[in-house]
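**Student:** Dropping the structure in here first, questions after.
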Amino acid sequence: MLKIGMVGAGFVAEFHRKSLESVRGIELAGICALKGAEELAARAREAKLGDTKVFGSIEELCNNVDVACIFVPNFVRLQILHEIIDAVKKGAELKGIICEKPLARNMAEANEMVELVKSVGVPTAYFENQIHMPSVKNARLQLEAVEQSMGAVHLTRSAEEHGGPHEPWFWNPTRQGGGVWCDMGCHSAAVGMYMLTPSGKAPDYLTPLSVNATLGLLKWGKEPWITELRGKGVDYDITPAEDYALVTLEFKDPETGVVSVAQATDSWMYDAPGLRLLMEAFGPGYSYTVNSLQSPAGMFISDVAAEAVKNSELALEKAQATRGALILQPNEPDLYGYVGEWLNAIKAFEQGKDALLNFEYGRMITMFLMAGYMSHEKKQVIDLTDAEVLKELETYVPKIQQGKGAEVLTM
């Protein structure tokens, strides 16, 4: 039985705790976090995930678990990984290291994270849940014979949209790494590429050709929302970030030479029932669609009864209403692919291997994110086959990430 240790106790850590209730052969053995650790550990024990303890340091945590998970905000992930690697070098016997998406805020950070894990040889898992969504996986499986006969998917459209993040740091581009393209574009780029990838090929099989992006600040730079953000300690008059991203990624099959396209649309302005994941894949003579808001369950709450609703997100992540006809998703961790990525990682670590998606894959996704920001800044298509462009991306930090978003976003 693998012992899991989480660094971080916020929103995503709680989502993963819920996911582990559906995973066998594990124990959530420890939590290390600046705040919320005791509460998260108590919920884990209540869910019978083991005798979950709270540890005061990352080194202590690593000495008592088999797998260390980085579930902290983006701006401290590199620092936390340094502490995990130091613990391994001092003798902690980890069988795996997990990092939640995105791996890093820029290529310099991503490269350092990849080199750090290489220095100790511990297997890794980059957690990108949407690739593990049962609806996506099952659609690909059922269409496998059709694909072999007709050819692989040639166009995908993927979108993740909701009304905005939970924590203030998500809104701060200098801490998060950008706006919605960094926050959610990492999902859409990854799952879009995955749906284009021929069955049986590795997730990084396709050759990236180009990225073309348009970013915008369409809602959260206006009243009353900009004032709402000031209440969170973020001023989009001074350091704005994008709340909308439309990005086209072009790929080539290295064996057949066939070119395919992934379109990604992400926004923090989806004023609707809650989080929506929408994927479409089009192949020669076939297609499939995934929409996370199409649920077999629903509920209705009247105006009078709404006064009793304390947390609308018990029914659906990022829910924006507490009354009327509401969508109910009974098992969001499974629906969104969190359970699937855990099952894959645990099996791989037990065999001493990387998960399906490792830190090097996460570095590739970071490159797509940086190319998107560069494309918007330069107002041109970024050629990912050009060695000079790739060299420039290695040291590139987007203006939005630097806190200079006002120079590249229309206010």
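Please treat every number below as a calculation from the coordinates, not as lab data. All values derive from a computational prediction rather than experimental measurement. All Cβ positions, even for glycine, are placed from backbone atoms using ideal geometry, and neighbour counts span all protein chains on display.
**Student:** Counting other C-beta atoms within 10 Å, and keeping those with at most 13, which DSSP coil GluC sites (Glu not before Pro) do you find in region 195-290?
**Tutor:** Qualifying residues, ordered by number: E255.
**Student:** To the nearest Å, what is the center-to-center distance of region 220-236 and region 342-400, using C-alpha atoms only?
**Tutor:** Their Cα centres are 30 Å away from one another.
**Student:** Hey, another quick one. In the chain, with Lys and Arg counted as +1 and Asp and Glu as -1 at Cβ, which of these residues, N291, Y270, M367, has the Cα nearest the positive end of the dipole, that is, farthest along it?
**Tutor:** The Cα lying farthest towards the positive end belongs to N291.
**Student:** Sum -39500 (n - 2.57) across every DSSP H segment of at least 4 residues in the chain, then divide by the residue count to get the 222 nm mean residue ellipticity, nearest 500.
**Tutor:** -10000 deg cm²/dmol
**Student:** Further question: Which of these, H162, H376, H82, has the largest mean-square fluctuation under a Gaussian network model of the chain (Cα springs below 10 Å)?
**Tutor:** Among H162, H376, H82, the largest GNM mean-square fluctuation belongs to H82.
**Student:** Need the list of lysines near K391 for cross-linking: C-alpha distance under 28 angstrom, and skip anything on the same chain fewer than eight residues off.
**Tutor:** K101, K118, K201, K252, K378, K379, K399, K404
**Student:** Give me the net charge for the shell around T214: Cβ to Cβ below 11 angstrom, other residues only, Lys and Arg +1, Asp and Glu -1.
**Tutor:** Net charge in that neighbourhood comes out at 0.
**Student:** Right, here's the next one. Considering amide H positions built from the backbone, and no H for Pro or chain starts, which residues 5 or more places from K53, or on another chain, come under 5 Å of its amide H?
**Tutor:** So K53 has HN proximity to G30, I31.
**Student:** I've got another one for you. Starting at the first residue of region 204-210, write each ³J(HN,Hα) from the Karplus equation 6.51 cos²θ - 1.76 cosθ + 1.60 with θ = phi - 60°, in whole Hz, x for Gly and Pro.
**Tutor:** Once rounded to whole Hz, the list reads 9, 5, 5, 8, x, 9, 7.
**Student:** Among 141-148, 211-218, how do they line up by average Cβ neighbours within 10 Å per residue, starting with the highest?
**Tutor:** In decreasing order of mean packing, 141-148, 211-218 become 211-218, 141-148.
**Student:** Moving on to the next point. Which ³J(HN,Hα) values, rounded to whole Hz and listed in residue order, are derived for region 79-94 from phi using the Karplus coefficients 6.51, -1.76 and 1.60 in 6.51 cos²θ - 1.76 cosθ + 1.60 with θ = phi - 60°, glycine and proline given as x?
**Tutor:** 4, 5, 5, 4, 5, 5, 5, 4, 5, 5, 5, 8, x, 5, 9, 7
**Student:** In the neighborhood of F368, defined by Cβ-to-Cβ distances under 13 Å, what is the net charge if each Lys or Arg adds +1 and each Asp or Glu adds -1? Provide the component values of the computation, followed by the final result.
**Tutor:** Values: positive: K101, R363; negative: E128, D204, E250, D266.
Within the 13 Å Cβ shell, the charges total -2.
**Student:** Still on this structure, please answer the following. Starting at the first residue of region 137-153, write each ³J(HN,Hα) from the Karplus equation 6.51 cos²θ - 1.76 cosθ + 1.60 with θ = phi - 60°, in whole Hz, x for Gly and Pro.
**Tutor:** 4, 5, 4, 4, 5, 5, 9, 4, 5, 5, 4, 4, 7, 9, x, 6, 4
**Student:** With the Cα gyration tensor of the chain in hand, give its eigenvalues times 5 under a square root as the equivalent ellipsoid semi-axes, listed largest first in whole angstrom. Each step should come with its number before you reach the end.
**Tutor:** Values: eigenvalues 170, 147, 120 Å².
Over the Cα atoms of the chain, the semi-axes work out to 29, 27, 24 Å.
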